[in-house]
Amino acid sequence: MATLPDRDPREIRVSDLDRDNTTEVLRAAAGEGRLGMEEFQERLDQVYAAKTYADLELVTRDLPDIAPSVVRAPAARGRVGRIVVAFMGGFKRAGVWRAPDAMTAVAFWGGGKIDLREAVFSGREITIRAFAIMGGIEVVVAEDADVEVTGVGLMGGFDHQASGVGAPNSPRITVKGLAFWGGVDVKRKRRKKK
């Protein structure tokens, strides 16, 4: 029986979580000044178009040592990730919907809204990575949620006013990312009456 030659692991198809991890590396590089905003956007486009680990490696090969290990790491078991993008348009996640453990939201010349008040959480916490580039993202959380906002505004705004400890057993919501010539607004609101 003939055996197949060993497969190059760089040719294995990537998952959404791999793309999400690579986006986080690019965000960190942009935050440290290693990438300008135009190059950050170009590389972000390449990440969303990537099909294999080799494609992702090309996007991060000239960044610090953490980049190759991040894009080659297998997806964490049990983590659910999702990416939503508004490119000269919009997105909205509201009402009753299943919120993932990790979510990346990108608004480029557009806007988006993530309303977590009626969301069904996959676990006890959610991390939202929000990137607003000449656009805006609004994150709405319940009044009693446990919220930590750590994003950065660069010629834009990243609202931290919703940060604070929530009620016992409330979900933990972390919002981080970057607002460049745009804004990320995190608001506490009452749950809608049924």
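The values are calculated or read from the model by the stated rules, or taken from the named source; none is laboratory data. For clarity, every value in this text was computed on a predicted model and none was experimentally measured. Glycine also receives a Cβ, built like all others from the backbone with ideal geometry; neighbour counts cover every protein chain displayed. The area values use the complete protein model at the heavy-atom level, side chains included, leaving out ligands, DNA and RNA. Shrake-Rupley method; radii C 1.70, N 1.55, O 1.52, S 1.80 Å.
Among the numbered criteria (1) more than 14 Å from the chain's Cα centre (by Cα); (2) of a type outside the set (A, V, I, L, M); (3) assigned to a helix (DSSP H, G or I), which single criterion is violated by residue 33?
Against the list (1) more than 14 Å from the chain's Cα centre (by Cα); (2) of a type outside the set (A, V, I, L, M); (3) assigned to a helix (DSSP H, G or I), residue 33 comes up short only on (3).
Restricting attention to the range 84-114, which residues are outside any loop (DSSP other than H, G, I, E, B), open to solvent by 20 Å² or more (accessible area, probe 1.4 Å) and in contact with an Asp or Glu (Cβ under 6 Å, 6 or more places away or on another chain)?
Matches in the range 84-114: 113 only.
Can you tell me how many residues within the range 141-155 are in a strand (DSSP E or B), more than 13 Å from residue 172 (Cβ to Cβ) and over 16 Å from the mean Cα position of the chain (by Cα)?
1
Quick check on this structure: which one of 75, 67, 54 is modelled with pLDDT under 80 and either under 17 Å from residue 128 (Cα atoms) or part of a helix (DSSP H, G or I) (or both)?
Being modelled with pLDDT under 80 and either under 17 Å from residue 128 (Cα atoms) or part of a helix (DSSP H, G or I) (or both) holds for just one of 75, 67, 54, which is 67.
Where the second residue is open to solvent by 30 Å² or more (accessible area, probe 1.4 Å) and the first is touching a residue at least 60 places away in the same chain (Cβ under 8 Å) and lies in the range 112-125, which pairs have Cβ atoms under 6 Å and are six or more apart or on separate chains?
Once the first residue is touching a residue at least 60 places away in the same chain (Cβ under 8 Å) and sits in the range 112-125, its partners that are open to solvent by 30 Å² or more (accessible area, probe 1.4 Å) give 117/191; 118/96.
With the structure loaded, tell me whether residue 18 is over 16 Å from residue 132 (Cα atoms), crowded, with 21+ Cβ neighbours inside 10 Å and at pLDDT below 80 or whether it fails that test.
Judged against the criteria, residue 18 is a match.
Kindly indicate whether any position in the range 40-51 is open to solvent by 30 Å² or more (accessible area, probe 1.4 Å), assigned to a helix (DSSP H, G or I), acidic (Asp, Glu) and at pLDDT 85 or above.
The answer is yes, given that some residue of the range 40-51 is open to solvent by 30 Å² or more (accessible area, probe 1.4 Å), assigned to a helix (DSSP H, G or I), acidic (Asp, Glu) and at pLDDT 85 or above.
If only one of 118, 143, 148, 138 is closer than 30 Å to residue 43 by Cβ, open to solvent by 50 Å² or more (accessible area, probe 1.4 Å) and among the charged types (D, E, K, R), which one is it?
148
Which pairs turn up if I take residues in the range 168-194 that are over 22 Å from residue 98 (Cβ atoms) and among the aromatic types (Phe, Trp, Tyr) and look for partners that are open to solvent by 30 Å² or more (accessible area, probe 1.4 Å) and outside any strand (DSSP E or B) with beta carbon separation below 7 Å, at least 6 apart in sequence or on another chain?
180/37; 180/155; 180/156; 181/134; 181/155; 181/156
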